[in-house]
1. Kindly evaluate Asp183 against the criterion of being charged (D, E, K, R) and closer than 25 Å to Asn242 by Cβ.
2. Report every pair of residues separated by at least 6 positions or lying on different chains whose Cβ atoms are under 6 Å apart, first residue within region 285-312 and farther than 13 Å from Phe52 by Cα, second in a loop (DSSP other than H, G, I, E, B).
3. For region 294-301, does any single residue satisfy the condition of being within 19 Å of the chain's Cα centre (by Cα) and among the basic types (Lys, Arg)?
4. Confirm whether Ser98 is in contact (Cβ under 8 Å) with a residue 40 or more places away in the chain, of a type in the set (S, T, N, Q) and either open to solvent by less than 30 Å² (accessible area, probe 1.4 Å) or over 20 Å from Lys322 (Cα atoms) (or both).
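The values are calculated or read from the model by the stated rules, or taken from the named source; none is laboratory data. Keep in mind it's a predicted model, so treat the numbers as computed, not measured. Neighbour counts run over all protein chains shown; Cβ positions are idealised from the backbone, glycine included. Keep in mind that these areas ignore ligands, DNA and RNA; they rest on the heavy atoms of the full protein, side chains included. Shrake-Rupley method; radii C 1.70, N 1.55, O 1.52, S 1.80 Å.
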Amino acid sequence: MLKGLFILDDFNLIYGSVHEEIKKYIDIYAEPQTKESIQQNPALLADTEVIFSGWGCPVLDDNLLKAAPHLKALFYGAGSIKHITTDAFWERGIPITSAFAANAVPVVEYTLSQILFSLKQGWSYVLKTKKEQKHIKKMEVPGAYHSTVGIVSLGMIGRKVCEILKQFDVHVIAYDPFVSKEDAEQLQVELCSLEELFQRSDVVSLHTPWIKETVGLINGELISLMKHNATLINTSRGAVVNEQEMIEVLKLRSDLFAVLDVTYPEPPIDGSPLFTMDNVILTPHIAGSLSQECQRMGEYMLDELKLYLQGKPLQWEITREKALIMA
């Protein structure tokens, strides 16, 4: 039986429902560890062959890898692995699999809720009613009938949003320079330029990975092209938006709304206009897995473990090349 450890911030949050089954396959030879406890006692890694982790995973640098000479696989029960992988890790050729697909599920659900609510101008009604302390007069809204939803980037989450939008009477357009026309047709989306997407959409939803090429991709010029009463939704990464330029446009265009689950920096700096602007909705990065939703990520890692033990390809393995273009 392979020897393994749990190393993460909150063991029960992610693995509470599956750790007993994992123990049927893996000899978990010590209590759940944290990044801090492993740094204090790296000798615990000497016999480790597999690690189950998540938020709070230690950086997989040369020091950690030297302390874990027998490490054969890492199961990361969370999303992005950018902040934990290093050149030393990739050079060891250790397979790593992530629960990014599980974490995508609540992001898609949150995004759908905000798209539909924004097509009704829901946040405008909420805030104006609260401010005026009475029901306000109904206004013209795009609604979810023959309106246009723009999706920026067709990665896993963007694609899932497109799939779920097939249930509604909306026209979906998308920008992704790496997606073929045939692929787009299968998703029932119309590909267009970024400028055209912002011009035509009643709601624009961002699903762009944070890589060097996408920093500040969404700038003030694009946002200023948006239709009257349009909404920008960002559940991807704050750094893909030029925040200062966005703020300047939103100050001039009170008809526009921005629903921001992510910012850069995160949280916004003290005194940021984002906290007080009437047409900005801030949520503290809640689109991803929270509370009980986190158990899904642990279940995905259990499934990956079973594939690994059977010698089958891991469904959610992340290669060095794939990591370069992921969030």
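1. Details: charged (D, E, K, R): yes; closer than 25 Å to Asn242 by Cβ: no.
It is false that Asp183 is charged (D, E, K, R) and closer than 25 Å to Asn242 by Cβ.
2. His285/Asp261; His285/Val262; Ala287/Thr235; Ala287/Asp261; Gln295/Ser17; Leu307/Leu314
3. Taking region 294-301 first, the residues within 19 Å of the chain's Cα centre (by Cα) are 294-301.
Pick out the ones that are also among the basic types (Lys, Arg) and you get 296.
Yes, region 294-301 has at least one match.
4. Working: in contact (Cβ under 8 Å) with a residue 40 or more places away in the chain: yes; of a type in the set (S, T, N, Q): yes; either open to solvent by less than 30 Å² (accessible area, probe 1.4 Å) or over 20 Å from Lys322 (Cα atoms) (or both): yes.
Taking the combined requirement at face value, the residue satisfies it.
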